[in-house]
Amino acid sequence: MSIVVVGSVAFDTVETPSGRVERCVAGAATYFSLAASYFTQVRVIGVVGEDFLPEHEAILTRRGVDTRGLDHVSGKSFFWQGSYMKNLNEAQTLATELNVFQSFTPKIPAEYRDSEYLFLANIDPVLQEEVRRSMPDVRMVCGDTMNYWITGHRENLERVLKGLDALLINDGEAKLLAGDGNLMRAAAKILEMGPKSLVVKHGEYGATAFFSERSFPGLAKSDAHVLTVPFRAPALPLSEVVDPTGAGDSFAGGFFGYLASQGELTPAVFKRAMFYGGVMGSFTVERFGTERLQQLDRDEIEKRFALFRQLSHLD
């Protein structure tokens, strides 16, 4: 099963208590693609400038990611600089240069049209809606957003929400979107806006899934109780976090990559996908940028999945 992901491919300069890295290949679509590539075929749509060289693209292609949707144009690639010196849980943005990303218009290669899964990473909801409309036959669509789009582009975002099978956002974004500081009430309000399911990320504290009666169309009535109870997946306690950048996008890649690899959406598959999302996020933070995601193998992933199970099971 193939996933198309549309989002940013960028360079980051990051400083944390563990050190500093200059202009590493990053961006939401990059982290998502690498994490998802351990589970299924990934096809990326994005834009890069002349500074994005073959060795940079090879970070994706070595993992089997299809980069035919990566548009190479004149100019410089999207660049972000951030610091975690004050707080490892929240980046301090020092510089944002949109560059070629400012005029990004997603172009869907003909070869991508048979993809069955679509992930709309954190970009302008107008562009998210255009891509979704251009791929009407996908089986499942998941999406992300952020405070900027929630507060300044609400009307456009609400149209996107109506077409999502699952929305993945952090707890602050969920409360802002719903206008409610209570997460349970906020989740119920968001599900009424259109997404069939909601995954709320809590950073180092894991993630929580909220379901609606539309989450699992084939769910037997005897199993309907699963829809009334949120599901919490843990995060792995780590002795050292090197770089939190991209952890949420890696969670999304592991989560959606696993879902796509299974072919059938059931409550059990959804819950396991939450664990795999946590696994991929935990690997990401162990090194700067995408370094750790480039060096994994499936055996490492399964061993860490087993650790996640031990964290959350009584027997």
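Just so it is clear, none of the values below were taken in a lab; they were calculated from the coordinates. Because the structure is predicted, anything quoted here is derived from the model rather than measured. Cβ coordinates were reconstructed from backbone atoms using ideal geometry, including for glycine residues, and neighbour counts include every protein chain displayed.
Among residues other than M184 whose Cβ falls under 14 Å from its Cβ, what is the net charge (Lys/Arg +1, Asp/Glu -1)?
Around M184, the surrounding residues sum to +1.
What order, most packed first, do the peptides 254-265, 159-170 have when packing is the mean number of other Cβ atoms within 10 Å of each residue?
By packing density, highest mean first, the sequence is 254-265, 159-170.
PRE reach from H202 (point 7 Å along Cα→Cβ): which of the stretch 86-112 fall under 14 Å by backbone N?
Within reach of a label on H202: no residues.
For the peptides 205-212, 79-86, what is the packing order when you average, over each peptide's residues, the other Cβ atoms within 10 Å and list the highest mean first?
Top to bottom by mean Cβ count within 10 Å: 205-212, 79-86.
Near F251, within a Cβ-to-Cβ distance under 11 Å, what is the net charge of the other residues, with Lys and Arg +1 and Asp and Glu -1?
In short, -1.
What translational diffusion coefficient, to the nearest whole µm²/s, does the stretch 164-315 have by Stokes-Einstein, given a Kirkwood radius computed over alpha-carbon pairs, a temperature of 10 °C and 1.306 mPa s viscosity?
Diffusion coefficient, whole number: 100 µm²/s.
Lysines near K221 by alpha-carbon distance under 27 Å, same-chain residues fewer than 8 away left out - which ones?
K221 reaches K162, K189, K196, K271.
Using a cut-off of 17 Å between alpha-carbon atoms, which aspartates and glutamates can reach K86, once sequence neighbours fewer than 8 places away in the same chain are excluded?
Within the straight-line limit of under 17 Å, K86 reaches these aspartates and glutamates: E15, E204, E240, D243.
For the stretch 214-315, calculate the relative contact order in percent as a whole number, restricting contacts to Cα pairs under 8 Å that are 6 or more residues apart.
It rounds to 33 percent for the stretch 214-315.
So which lysines can K76 reach, going by Cα to Cα under 20 Å and dropping same-chain residues fewer than 8 places off?
K107
Select from F79, T93, H153 the residue farthest towards the positive end of the dipole of the stretch 78-157; place +1 on Cβ of Lys and Arg, -1 on Cβ of Asp and Glu, and compute about the Cα centre.
In the stretch 78-157, that residue is T93.
Below 8 Å, C-alpha to C-alpha, sequence gap of six or more: please give me the relative contact order for the chain in percent.
Over the chain, the number comes to 18 percent.
Quick check on packing: order 232-242, 8-18 by the mean number of other C-beta atoms within 10 Å, highest mean leading.
Packing order, densest peptide first, comes out as 8-18, 232-242.
Run the helix sum for the chain: -39,500 (n - 2.57) per DSSP H stretch of 4+ residues, divided by residue count, reported at 222 nm to the nearest 500 deg cm²/dmol.
-10500 deg cm²/dmol
Tell me, in nm to one decimal, what length is gained between K76 and M146 on full extension, where the rule is 0.36 nm per residue of separation less the Cα-Cα distance?
22.8 nm
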